[in-house]
Amino acid sequence: MEKESNIKTLKNLLQNQRFGVIATQGDNEPYTSLVAFIGSEDLKQLIFATSKNTKKYNNIIKKSRMTMLIDNRGNKPIDIKNAVAVTALGSANEIKSSKKYYKQLYLKKHPYLSDFINSKDTAFIRLKVEKYLLVNRFQNVEIIKM
């Protein structure tokens, strides 16, 4: 029953949150970036768009391992008890086929990014999630493997 509850919490978070923070690995240090994302129905993929002229894009091309943090905090003291955060861990790659399909899904959630998405320099990146670390009630950590 707890696993079903965690999956429901995870799906809710991925559907309702628009932004996450990715962490990629540069040559000598980690690098974080705020991205607008979408999640797949089966929870196995997180997709975001980025310009090909960015450090995050170059980091992903060189080293595919990355994470994405998504949370629902409101920057209020009560968040310590009520906020939910999830870290997705996996490998990323550029989506080269079915771009029209992903573009439609992406614009459904992020219509305000139309100009960015239609730029020739924009790439879609797929994070293939191996597992999620779901944290709620401040210290309760659950691992959800894909």
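The values are calculated or read from the model by the stated rules, or taken from the named source; none is laboratory data. On a predicted model such as this, the values are computed, not experimentally measured, just so you know. Note that each Cβ is placed from the backbone with ideal geometry, even for glycine, and that neighbours are counted across all protein chains shown.
None of Phe37, Phe48, Phe19 is of a type in the set (A, V, I, L, M, F, W, C), without any contact (Cβ under 8 Å) to a residue 60 or more places away in the chain, crowded, with 17+ Cβ neighbours inside 10 Å and out of contact with any Ser or Thr (no Cβ under 7 Å at 6 or more places or on another chain) except Phe37. From the list Asn118, Asn82, the one residue that fits, being closer than 23 Å to Thr54 by Cα and polar (S, T, N, Q), is Asn118.
Thr50 meets the stated requirement of being closer than 20 Å to Asp121 by Cβ and of a type outside the set (A, V, I, L, M, F, W, C). Take the residues in the stretch 65-93 that are modelled with pLDDT under 95 and polar (S, T, N, Q), then tell me which one is farthest from Lys109 (Cα to Cα). Filtering first and then ranking leaves Asn82. Looking across the stretch 93-119, the residues that are within 21 Å of Asn59 (Cβ to Cβ) and without any contact (Cβ under 8 Å) to a residue 40 or more places away in the chain come down to Asn93, Glu94, Lys96.
Hey, any hits in the stretch 14-26 for a residue that's of a type in the set (Val, Ile, Thr), under 16 Å from the mean Cα position of the chain (by Cα), part of a helix (DSSP H, G or I) and farther than 19 Å from Tyr112 by Cα? No, that holds for no residue.
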